[in-house]
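All remarks here apply to the structure that follows.
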Amino acid sequence: MGEWSPECYRCEWLDGATAAAVGARFRGYNRVGRYRWERTAIITAAEPGRQLSFATVDDRSHREETEWHYTMEPSPSGTVLTESLQFLWCASLDRMVELLLPRGRQVERGMKETLRRLKLAAEAHQATDPVAVSELRVGPSPNPWVCASMGPAPSLSAKSRETA
């Protein structure tokens with residue numbers, strides 16, 4: 001994730017995990033400007049070529065905070081990759097900060113940038129495995145934001161076309 005996300009700059013597997021599998025844990029290291037933080041995450045779904053989902057966990061309360069989803073679906077032009085998230089819970093202090101500094105637009109920009117970078121990585125991979133990536137699109141998300149006073153969460157898609 002660290003090579004694609006503008007916010008999460010590094011991840012490391014925990015508890016001896018080496019790959020995405022349901023229940024595997026990792027730690028994500030994040031930054032926005034000078035502010036840095038880290039979160040533990042637990043893989044909640046892992047189906048290669050179909051979906052990857054993980055929930056971030058508050059280290060103090062052990063409650064799930066956000067759930068991130070990456071799904072791949074066939075389309076007439078290839079494959080649609082969709083990134084979405086749902087806020088599940090916020091600690092009181094985090095909720096107060098969110099009221100003062102809403103992150104909705106920042107998160108949306110970060111998701112767009114992540115998908116743009118994933119698209120570029122797929123295009124670069126074309127030399128060894130033929131993949132043609134077409135468009136990036138934004139649409140409504142089925143996952144509402146429920147933390148603080150944020151509006152609807154974006155659903156961002158990058159379409160890639162796979163050829164045999």
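The values are calculated or read from the model by the stated rules, or taken from the named source; none is laboratory data. Given the structure is predicted, the values throughout are model-derived calculations rather than measurements. Virtual Cβ from ideal backbone geometry, glycine too; neighbours counted across all protein chains shown.
Remarks
- Test set (1) at pLDDT 90 or above; (2) under 14 Å from Met1 (Cα atoms); (3) in a strand (DSSP E or B) - Thr44 fails condition number: (2)
- Residue under evaluation Arg31, criteria (1) touching a helix residue (DSSP H, G or I) at 6+ places or on another chain (Cβ under 7 Å); (2) part of a strand (DSSP E or B), criterion not met: (1)
- Some residue of the range 13-21 being of a type in the set (D, E, K, R) and either assigned to a strand (DSSP E or B) or surrounded by 15 or more Cβ atoms within 10 Å (Cβ to Cβ) (or both): no
- Look at (1) of a type in the set (A, V, I, L, M, F, W, C); (2) under 26 Å from Thr44 (Cα atoms); (3) at pLDDT 65 or above and you find that Leu120 fails only one, number (2).
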